[in-house]
1. Using the Cα gyration tensor of chain A, with a ≥ b ≥ c the square roots of its eigenvalues, what is the shape: rounded (a/c below 1.5), prolate (a/b larger than b/c) or oblate (neither)?
2. Can you work out the FRET efficiency for the pair A:Leu348 and A:Arg277, with r the C-beta to C-beta distance and R0 = 45 Å, to the nearest 0.05?
3. Across peptide B:73-80, what mean number of C-beta atoms from other chains lies inside 10 Å of a residue's C-beta?
4. Report the label-to-label distance for B:Arg252 and B:Thr8 in nanometres (one decimal), using points 7 Å from each Cα along the Cα→Cβ vector.
5. Distance cut-off 29 Å, Cα to Cα: go down the list B:Lys63/B:Lys217; B:Lys40/B:Lys104; A:Lys190/B:Lys126; B:Lys217/B:Lys254 and report the pairs above it.
6. Net charge around A:Ser71, counting only other residues with Cβ within less than 13 Å of its Cβ (Lys, Arg = +1; Asp, Glu = -1)?
7. Tell me what the protein assembly as shown gives for mean residue ellipticity at 222 nm when only DSSP H runs of n ≥ 4 count, each as -39,500 (n - 2.57), the sum divided by the residue total, rounded to 500 deg cm²/dmol.
8. Above 19 angstrom, tally the Cα pairs of segment B:221-282 and express them as a % of all pairs, no decimals.
Amino acid sequence: MNRVRAVRLVAMREIVERGRSKGYVASLLFTVFLLVAGFVLPSVFLGNPEATRLALIGEPPPGLEPALLLSAAAYDTELELSSVPDRATADTTLRDKTIDAALDVPADLSGPGELIVLEDASATLQGIVSQTVIALRAGANALPPAITALEPPSAEDITAIIFANAGIILMFIGIFSYGSWVLTGVVEEKQSRVVEVILATVRPRDLLMGKVLGIGLLALAQLTVLVLAGIAFAQLSGRLTLPPTTAGAVIQLLGWFILGFAFYSTAMGFLGALASRTEEASNASMPVTMVATLAYILSIVFVTQEPDGILARVMTFLPPSAPMVVPLRAALGAIEPWETAVSVVLMLVAIWVLFGVGARVYSGAVLQMGGRIRLRDAWRASR
Amino acid sequence: MLEIRNLTKRYGPVTALDDASFTASPGRLVGFLGPNGAGKTTTMRCVFGLAVPDAGQTRWDGKEIDAEARLRFGYMPEQRGLYPRMRVGDQLSYFAQHHGLSAKDARTRAGSWLERFGLADRAKSKLEDLSHGNQQRVQLATALVHDPVLLVLDEPFSGLDPLGISTMSEVLRERATAGVGVVFSSHQLDLVEEVCEDVVIISRGRVVAAGGIDDLKTASGRRHLEVEVAGTGGAWLDGWNHHTVLDRDGDRVKLLVDEGVDLGALLAAAHAAGEVRRFSYEPPRLSELFMEAVTEPQPAAATGTR
């Protein structure tokens, strides 16, 4: 019971002391602000910078063109009008993206007509078109034109892509900022020599475990708040509709964050013990930083392009890259359940092994002062 | 009782401890002496499992010391260390909890020790905002907060002002009287002589002397003799052998003599030379025993224990 208690005490101290620090609260607020700003501000302040190319199908009703241009001006948007003979031509030009949308309104204004787009119509375009058509057909039923998308993206696709990209960025930032807390925490304890007092009653591996656990919980709390805030604001600003799979995606992301954090912060923790002063800490953790950065870059550059390619498959089974690659592939719908399962098992094994090795190096190094300690010496110094 | 049994510890080519043995009894203040690098800190680290001996044992109350036993020990490492940015009260109660106290008891004890050291109003201050002397007090409180049965302190007096020294020795004395085992290392030999009952002297990893200070002094074959004979300039000594002149200051001479010296004859000779103003015969000071013990080329391990 003593060991569990010791781990819990260490973890609680990390949570209370760091959670209480201005740095944690400030960074949380700041990141929430950035996230909110990222979702909300563009839709508030920025109009559509480029002209929207709208083709009118067949013979348009008289007065439609000037009315469209007028209401576009009211929306502070530029509209580039052209005309196509029929619906089939409109579809073709839409598909090869020479126009953004096509509008088919009966010449006699007998109906509200139809707005045809490739994937989806921007809120601005919908507004302009609806307003114009309703105004022209004053007196008749005030219906806006129906909207037809040739290749409508599912809500799941959109969320998946946003999750994939936002998730991997949050994962990387989270592992790094909180992993470096573990790193500097270990070095500070060593530098202030408080570690000698603690280790008189606590086993080194329990101290390391408590530290990773405590900081990990803080990181998880921050990530959860960020994700929830992101979803909430995306909802409020109407830029995202949540499919039923959202909960699954969030859980998948948080789950992989836990695995990734446990893996990387353990590595940073024991490498930190090799340094004697905080100035040396970043040097000591260089190998981990490099591996993580490489995994991150490969993930965003190659795995997003080809989520079921050979590189993506290989990286799925490598513990350093799995926490980034697996949720990414899952979000893009390009991973088999068995791959996820095997990857999780490999990851757990890797964390277990790394923790065993790390705890031993940590024990060997944390009480030795003076300069950088070599990995091999630390390994030998401990039992 | 703390028993150090045949401890040997090597760091690469360096032998930090070489078959060192001694015991420390509860209720007595034990001074642990030795030149720098003699193995004092290594011995203490072995007691707390911070260093693993290559051979030998550390025992408490007849059993090998384990993690369970260490919960009831208090340790103050030479390199002071606490969390600089953690509140003093939280810090004390944190360490108390690591020694097995409940959160509630830990807070109570932390509060009473802070009160004892006059720091009750600083409980919510960060450690780094305290003066150097007060930080030292907190460090001592950290070693004491869980009411340990054994206190091991590495250089507890170094860096203390006279006030701090008197608080420290008062607390240590009080703990020893309460039946706690107290072992501390120090280079301040006069201080050790004043406060300790027992000493252990270690040199190059070996225990070269151990036991009660008075016993060690008595056992030492040398005595100090200080004689002042008015108006002689010490010339009356000239006919005498078997002594070493330590110091000569006008009429006053300080001698180192063997225990068996004929004091009566010496006094008679001094008396014959003139008016004897001072004649004192004393065992050597601890600092002299220490020098003798650690400079002997082939230390005869006098492991008299207590």
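Values in this text are rule-based calculations from the coordinates and carry no lab data. Bear in mind that the values here come from a model prediction, so they are computed numbers and not experimental data. FYI the Cβ positions are ideal-geometry reconstructions off the backbone, even for glycines, and counts take in every protein chain you see.
1. Prolate, since a/c reaches 1.5 and a/b exceeds b/c.
2. Working from the Cβ atoms, E equals 0.85.
3. Taking all residues of B:73-80 together, the mean is 4.
4. 5.0 nm
5. Exceeds cut-off: B:Lys63/B:Lys217; B:Lys40/B:Lys104.
6. My count for the surroundings of A:Ser71 gives -3.
7. That comes out to -16500 deg cm²/dmol.
8. 17 percent
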